[in-house]
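For reference, the structure discussed in these notes is given below.
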């Protein structure tokens, strides 16, 4: 029995031997016709219900059995960012990889608030803030602020949630935030 390396070589070059034959659809159909009998024509073969059923059974036996399962559990889940020191006049990037279906809903600042601004917030490659050029002060996401809920895009398991925070002041600040949301399993 030959394998792909024997047939095509290590570098993809075709190599055939005298006793080797590559069969196409016509040759395979011809072999089936020989097995079923020489009097069977191609049109009759394709319209034959027994042949169609046998072909369907053979294809079904090769196909993997899959079943789509919908998520059944939903629960509240926090994702913590930081604490991280943000030097003056710099921007830091914090990333979280939830590894489950996650949808953030409320961002709460748990660190310093002076001169710290969120310049961007991404779920995967989708920007979640209204304007990329206008940073939002972390004061807007304070623990006592009631109306700071946002509904973010759903983060798929292979994607990341990324927040960029900049310090516009002259002193190093400690930044930390928690993103509350829901996961589904």
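We did not get these values from a lab; they are worked out from the coordinates using the rules stated. Here the structure is a predicted model, which means the values were calculated and not measured. Please note: Cβ atoms are built from the backbone with ideal geometry, for glycine as well, and neighbour counts cover all protein chains shown.
Annotations
- Spin-label model, residue 62/residue 139: points 7 Å from Cα along the beta carbon direction are separated by 6.8 nm.
- Cα gyration tensor, region 67-185 - rounded (a/c under 1.5), prolate or oblate: prolate
- The residue 84 and residue 158 beta-carbon pair, evaluated with R₀ = 30 Å, returns a calculated FRET efficiency of approximately 0.80.
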